[in-house]
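A short write-up of the structure that comes next.
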Ligand code: SF4
Ligand code: SF4
């Protein structure tokens, strides 16, 4: 009887130790669901969803505090992916947060730019280079097209230019035209 | 001589239509007035221009340099003047223009200085650099830079070298004609490949519907001082596909997602081998190639064409006819429709196939898939085309990839046999390009996330640094002030020090204010000056009042 209790107690201690150790050793950093949601979001960091960036929106979705249809840059496809991940029904984009636009990058008219650095401070991904009193330039490859630099510009010299289709970016179209008759 | 051959799965037997263009000898196409030479003719990075508008260039002069490892140079196909470096129509199904160098030829066809290379004395890596600078790329269709393919890598070697003379696609005969007339040079190229790759087993695979090419290659091979086995393989489309040729000749299959070099085999097209021989033994860059012009033309034949020659001039040479319904670059199975006939011949142009209603009757309307699995029987890549079609159509690209979409060689066998006439390959091309685009978007999103996180980290850090700096400054100020009363022997508390600090700041502000003398007072009337004086006096009073607000007797002066 005593031996049995002893063995059980020892076992309990041993298992407890292992569990305790693995809780520390294999600790998952952050919120794994929010991480997965964040991986689906387009990382435009535009804030159209009502949160200050994609990550906060992902966290809000994970906590059930925000709906999945608030991200216009992600489009219907993004909503579909989020619905799939969360096991809920996809729904149309919430128009209140804006509508999807063709992918664009910001362009600074360097003749008009006064070098005030306000846009640099607004850019969420540091895609504008320049210094005080020197004209600024967009690093097009890093611009997410979030439009956050437009309102702060005091001389309205920034415009959004849709990315034109060129050969390296060309995609095969869905052959629907030929398939009209196929159910 | 008799080698055991293996049979790849699937395949089809479309009508060959080869004799149309093999009955006439190879003609050199005349020098056009204008050459439009695209900078993106190969897989990998497009070449970077190294000439300027207005510059005179010589035939064979490099006009754009390779950009990176997987890239290759571009050369002037004839002498003349560079008149434009801009977007021009190129042979691409999209009809989108791409960067090209346009040369107005001067008719002199004057060569740049060039000399043979002593390849045996050269460092292999140096030799490969030379080949890259000579613009060598695979002429079988994929246009992969040859210098990369000729690099066996540090640990791998390539015991088997296969020269592909299959040319299984209907209508095309440029490789056939090349083997008939330039067998010796093709094998000179093989010797160079063997030197670079260290191959011991060298096979030339030619479909048995080309007896003349087989004969000519065999007699040329007999003259060599190393063993080259010329093998006749049964004609069955797509037997000239690299993977199919490997399986037919060796019985080995290239595993899914692997390269043939992973199983010790490298494959080159006969045209590439010929170009390699010209490059090494004559120092000539890749500036021309054989092009079959056939189909709905009066005199179907093969031309030796300078890269950059507009396609319509070749069709005119071969005799254009009424009733043309379209032009394909390549054959009927894998060729791509040309949106415009001004587009130039490029390194990938093996054939210009002119279509007519009689030769290529329009396909009936596509019907739903009846799941007959004929496409699966025909697929040489052993895929399930009907499933791939279902997933691609529904946009379920993940499942399409699970079904090995990327093993599809786009040979068109499935579309060819489909009783419902579904343009299956178009769906696979669509799915592949969607997947690539998504991967690109994903990479861009990852970059944006990283940059955003770094920005947040940077802002946090800057805030902290600023706070620290302020604290340090306050500290030193306080110490400074504390030093004065300490000298007088009085102990000063922290609160006193603060008070002193504020007083000092106030005094500074005061001094500044009194420094601010009234401006623009030189030309005022005495009355105005008097007014100003009064105002100033009032101000001083108010200031004094503000300083001693608790003394009531000064409230009513
Ligand atoms: S051949 Fe055509 S109809 Fe038959 S299973 Fe394949 S796609 Fe469907
Ligand atoms: S096009 Fe692709 S799926 Fe169709 S037969 Fe060829 S390899 Fe198979």
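The values are calculated or read from the model by the stated rules, or taken from the named source; none is laboratory data. Worth saying up front: this structure is predicted, and the values here are computed from it rather than measured. Virtual Cβ from ideal backbone geometry, glycine too; neighbours counted across all protein chains shown.
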Review point. Within segment B:462-477, is there a residue that is within 14 Å of another protein chain (Cβ to nearest Cβ) and either at pLDDT 90 or above or over 40 Å from the mean Cα position of the chain (by Cα) (or both)?
Key: yes
Point to revise | Residue list for segment B:423-442, filter: surrounded by 18 or more Cβ atoms within 10 Å (Cβ to Cβ) and more than 7 Å from every other protein chain (Cβ to nearest Cβ) | key: B:424, B:425, B:428, B:431, B:432
Check your understanding: Just checking, which of B:311, B:338, B:333 is more than 14 Å from chain A (Cβ to nearest Cβ), within 16 Å of ligand 2 (Cβ to nearest atom) and in contact (Cβ under 8 Å) with a residue 40 or more places away in the chain?
Key -> B:333
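Let's see how each residue does on (1) at pLDDT 90 or above; (2) closer than 27 Å to residue B:437 by Cα; (3) buried (at least 17 other Cβ atoms within 10 Å of the Cβ):
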position	(1), (2), (3)
A:37	yes, yes, yes
A:49	yes, yes, yes
A:99	no, yes, no
A:105	yes, yes, yes
A:131	no, no, no
A:137	no, yes, no
A:144	yes, yes, yes
Practice item. Evaluate segment A:157-174: report whether one residue or more is more than 14 Å from every other protein chain (Cβ to nearest Cβ) and in a loop (DSSP other than H, G, I, E, B). Key: yes
Study note, to complete from the structure: Taking segment B:425-435 and keeping only residues that are away from ligand 1 (no atom under 12 Å from the Cβ) and under 15 Å from residue B:396 (Cα atoms), one is left with B:429, B:430, B:431, B:432, B:433, B:434, B:435
Practice item. Inspect segment B:384-395 for any residue being away from ligand 1 (no atom under 16 Å from the Cβ) and more than 19 Å from residue B:169 (Cβ to Cβ) and give the result as yes or no. Key: yes
Review point. Out of (1) more than 10 Å from ligand 2 (Cβ to nearest atom); (2) more than 21 Å from residue B:254 (Cβ to Cβ); (3) surrounded by 14 or more Cβ atoms within 10 Å (Cβ to Cβ); (4) away from chain A (no Cβ under 14 Å), the odd one out for residue B:375 is which?
Key: (1)
Check your understanding: Does residue B:363 count as touching a residue at least 24 places away in the same chain (Cβ under 8 Å), within 13 Å of another protein chain (Cβ to nearest Cβ) and either surrounded by fewer than 15 Cβ atoms within 10 Å (Cβ to Cβ) or within 14 Å of ligand 1 (Cβ to nearest atom) (or both)?
Key -> yes
Practice item. Name the one entry in B:20, B:52, B:4 that is within 30 Å of residue B:239 (Cβ to Cβ) and in a loop (DSSP other than H, G, I, E, B). Key: B:4
Review point. Out of all the residues in segment B:55-84, which are crowded, with 18+ Cβ neighbours inside 10 Å, assigned to a strand (DSSP E or B) and under 25 Å from the mean Cα position of the chain (by Cα)?
Key: B:62, B:63, B:64, B:74, B:75, B:82
Review point. Of the numbered conditions (1) at pLDDT 90 or above; (2) within 14 Å of chain B (Cβ to nearest Cβ), residue A:151 satisfies every one except a single condition; which is it?
Key: (2)
Practice item. Tell me, please, whether a residue that is in contact with a helix residue (DSSP H, G or I) (Cβ under 6 Å, 6 or more places away or on another chain) and part of a strand (DSSP E or B) can be found in segment B:8-15. Key: yes
Practice item. Test residue B:410 against the criterion of being at positive phi and within 14 Å of another protein chain (Cβ to nearest Cβ), and give yes or no. Key: yes
**Study point:** Positions within segment B:100-118 being buried (at least 19 other Cβ atoms within 10 Å of the Cβ) and touching a helix residue (DSSP H, G or I) at 6+ places or on another chain (Cβ under 7 Å), in sequence order
**Key:** B:117
Exercise for review: Determine if segment B:417-424 includes at least one residue that is within 13 Å of ligand 1 (Cβ to nearest atom), touching a strand residue (DSSP E or B) at 6+ places or on another chain (Cβ under 7 Å), part of a helix (DSSP H, G or I) and farther than 20 Å from residue B:256 by Cα.
Suggested key: yes
Check your understanding: Which residues, counting only those in segment A:107-129, are within 14 Å of chain B (Cβ to nearest Cβ) and exposed (fewer than 13 other Cβ atoms within 10 Å of the Cβ)?
Key -> A:121
**Study point:** Condition broken by residue B:383, with the remaining ones in (1) touching a residue at least 40 places away in the same chain (Cβ under 8 Å); (2) more than 13 Å from every other protein chain (Cβ to nearest Cβ); (3) surrounded by 16 or more Cβ atoms within 10 Å (Cβ to Cβ) satisfied
**Key:** (1)
Check your understanding: What tally of residues in segment B:119-175 results from selecting those that are more than 24 Å from residue B:75 (Cβ to Cβ) and not in a helix (DSSP H, G or I)?
Key -> 22
Check your understanding: When you scan segment A:1-84 for helices (runs of 4 or more DSSP H) that lie fully inside it, which ones turn up with 2 or more residues that are in contact (Cβ under 8 Å) with a residue 40 or more places away in the chain and not assigned by TED's automatic domain parsing to the domain that holds residue A:151?
Key -> A:32-40
Check your understanding: Of the residues B:32, B:38, B:97, which is within 14 Å of chain A (Cβ to nearest Cβ) and either in contact with a helix residue (DSSP H, G or I) (Cβ under 9 Å, 6 or more places away or on another chain) or modelled with pLDDT under 95 (or both)?
Key -> B:97
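Let's see how each residue does on (1) more than 27 Å from the chain's Cα centre (by Cα); (2) over 30 Å from residue B:57 (Cα atoms); (3) surrounded by 19 or more Cβ atoms within 10 Å (Cβ to Cβ):
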site	(1), (2), (3)
B:274	no, no, yes
B:322	yes, yes, no
B:336	no, yes, no
B:349	no, no, yes
B:355	yes, yes, yes
Review point. Has segment B:396-410 got any residue that is within 8 Å of ligand 2 (Cβ to nearest atom), in contact (Cβ under 8 Å) with a residue 24 or more places away in the chain, crowded, with 21+ Cβ neighbours inside 10 Å and not assigned by TED's automatic domain parsing to the domain that holds residue B:258?
Key: yes
Check your understanding: Here are B:87, B:58: which of them is more than 13 Å from residue B:308 (Cβ to Cβ) and within 14 Å of chain A (Cβ to nearest Cβ)?
Key -> B:87
